[in-house]
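First the structure, in the form of structure tokens, and then the observations on it.
The values are calculated or read from the model by the stated rules, or taken from the named source; none is laboratory data. It should be emphasised that the depicted structure is a prediction, and the values quoted were computed from it without experimental measurement. All Cβ positions, even for glycine, are placed from backbone atoms using ideal geometry, and neighbour counts span all protein chains on display. With ligands, DNA and RNA removed, areas are computed over all heavy atoms of the protein, side chains included. Shrake-Rupley method; radii C 1.70, N 1.55, O 1.52, S 1.80 Å.
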Amino acid sequence: MLARIRSAAVLGIDAYPVDVEVDITNGLPSFSTVGLPHGAVKEGRERVSAALANAGFAFPLRRITVNLAPADIRKDGSAFDLPIALGILVASGQLPEELLRDHAVLGEVGLEGDLRPVRGALSMALAARNARFRGVLLPHANLPEASVVEGLDVRGARTLLEVCAHLSGTEPISPSRADVAALMADPACNDTDFSDVRSQAAAKRALEVAAAGGHNILMIGPPGAGKTMLARRLPTILPSMILDEALETTKIHSVAGTLPSGVSLLTQRPFRSPHHTISDAGLIGGGSSPRPGEVSLAHSGVLFLDELPEFRRNVLEVLRQPLEDGVVTLSRAAMSLTYPARFMLAAAMNPCPCGYFGDPTHPCSCGHLSIERYRSRISGPLLDRIDIHLEVPAVAYRDLTSEQSGESSATIRNRVERARAIQRVRFREQRGVYANAHMTARDLRRHCRLSEPVESVLRQAVARLNLSARAYHRVLKIARTIADLAEAAELTTAHVSEAIQYRSLDRKKEFA
């Protein structure tokens, strides 16, 4: 007898429908899976056979063939365990098939028949809705993330027996629905705040500009100046996430297996801070079974690279594509995958190997060649893609002991939100452009018209600092953001002058 169970599989961060076809015929007892199964899919036959036996069902001692269609795409993961188990029960006449015809089924099965969570449940639930399925049946642990999908009956079960009781009609499982509006209105609280930072007014201003325009930022300063402290508070002043951003970010973390247990939707912008020993595959993504890397896990949030020159050169160079395009494309012999990677890069470094070059209170012990070699670990093309170069001086003792607190993150975020609102209106007809940092050369000509005094200041800066074309465009983008914070329609010399100050590493004297 033949049974067909609907399911889904993840490809990249999205999913596509898969038909699990189970055929049981007379012949020597065997259990074979076809349709390009890989890894955990092949091992699923052992889990399924043990689970059915331990749950009290009769496992058919006949020839069992399972086909995963479409058969020309490689399948990976353990989400096919439950549909295969149900397919065997339906094909052997132990369960009715009616309730499964318009539902998608997914989940890993334990040897005792318990259901365990799988990666990518949100993506698969969205794929089920797009395929016009009426509902989805999955492990109870995946219920919070899948229940945010509107227009779909999402049911969660803890054991194989619960699923069978629901399908037989003895103990129906009620659908679950998350309150998406409440989740978006009440994001997770953050225990870090800009009011904790003493002094560093110039650094706070630069971070506000970076957050308002989505600009990448590099902080240069001696050890203990507060670079890491400032970077960790950057997400607290970023604009609140919209639903589309939250869904896409949650999909990435669900596929990667980093979504916290019980969380329905990630409403707080991610902050990722990988160690400098990370590999290029760990940063950009990949592996034998491709998974999102740190740049994709930081999507819609902040990727913080502390001690930037300590990262290997080949690791840093792979950042060029995501910084420029906002996506990561992984090409392999069998497939090509694209992961979203629209993040803000926040990096920190010392001015020299000892960390005290230019510090008035600590003598620098580094020679000219060692300083040159240290800074040359960061290539020019990568520096060009970082909009703001910020010098962070050491904090004086009187500022450390001061009882006066600075502005709170909420106050700064209000100004950032107003600037982003201006940008949303500006780019409302442009797809893929949400902030000034994403503007193309054509957008700059349209939205950054220069008067004669402003053009004169820029002309002198390009000649004196030897700015590249990309650096020139960065200055214009930063100036546009500064103008938006001031709610000014036109760029002025003050806006452009401040933007030029944020390109300190372009000055030749800095490398002398």
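Over all other residues within a Cβ to Cβ distance under 13 Å of Ser174, the charged ones net out to -1, with Lys and Arg as +1 and Asp and Glu as -1.
The spacing between the range 307-381 and the range 74-121, judged by their C-alpha centroids, is 46 Å. Measuring between alpha carbons in the structure, the pairs from Lys42/Lys251; Lys75/Lys251; Lys227/Lys251 lying more than 21 angstrom apart are Lys42/Lys251; Lys227/Lys251. Based on the Kirkwood radius over alpha-carbon pairs, what is the Stokes-Einstein translational diffusion coefficient of the range 212-367 at 20 °C with 1.002 mPa s viscosity, in µm²/s? The Stokes-Einstein estimate is 128 µm²/s. Against the chain, whose longest principal axis is taken from its Cα atoms, helix 201-213 shows a tilt of about 50°. Each principal axis of the Cα atoms in the range 290-374 has its own extent, and those three values, largest first, are 54, 27, 19 angstrom.
Using only DSSP helix segments of four residues or longer, with each worth -39500 (n - 2.57), what per-residue ellipticity at 222 nm results for the chain after dividing by its residue count and rounding to 500?
-10500 deg cm²/dmol
Angle, helix 409-426 long axis vs. longest principal axis of the chain, Cα atoms, 0 to 90°, nearest 10? Long axis of 409-426 versus the principal axis of the chain: about 80 degrees. Just need the relative contact order of the chain here, percent rounded to a whole number, with Cα pairs under 8 Å and 6+ apart. After rounding, I find 13 percent. Normalised size of the range 242-326, defined as Cα radius of gyration per 2.2 N^0.38 Å with N residues, equals 1.11.
Scattering from the chain was approximated by placing one identical point on each alpha carbon and applying the Debye formula without solvent; log10 I(q)/I(0) at 0.06, 0.11 1/Å stands at -0.37, -0.94. Among the protein heavy atoms of the range 154-273, carbon and sulfur supply 51% of the accessible surface, probe 1.4 Å, non-protein parts ignored. Computed on the range 39-93, with alpha-carbon pairs under 8 angstrom and 6+ residues apart, the relative contact order is 57 percent.
Among residues other than Arg291 with Cβ under 12 Å from its Cβ, the summed charge is -1 (Lys and Arg +1, Asp and Glu -1). From largest to smallest, the equivalent ellipsoid semi-axes obtained for the range 155-230 from the alpha-carbon gyration tensor read 52, 15, 12 Å. Helix 81-91 axis versus longest C-alpha principal axis of the chain: approximately 20°, rounded to the nearest ten. Of all DSSP beta bridges confined to the range 1-84, the antiparallel ones make up roughly 75%.
For the range 206-315, what does the relative contact order come out to in percent, with C-alpha contacts under 8 Å and a separation of six or more? Reported as a whole number, the value is 25 percent. Taken as Cα centroids, the range 412-427 and the range 180-226 sit 16 Å apart, rounded to the nearest whole angstrom.
What is the log10 of I(q)/I(0) for the range 177-302, computed with the Debye formula using one identical point scatterer on each Cα and no solvent, at q = 0.14, 0.16, 0.21 Å⁻¹? Debye output, listed in q order: -0.72, -0.91, -1.30. P(r) for the range 293-339, from all Cα pairs and a bin width of 5 Å, is 5, 17, 27, 26, 16, 6, 3, 0 %, short bins first. For the range 54-172, the spread of Cα positions along the three principal axes, ordered from largest to smallest, is 40, 38, 26 Å.
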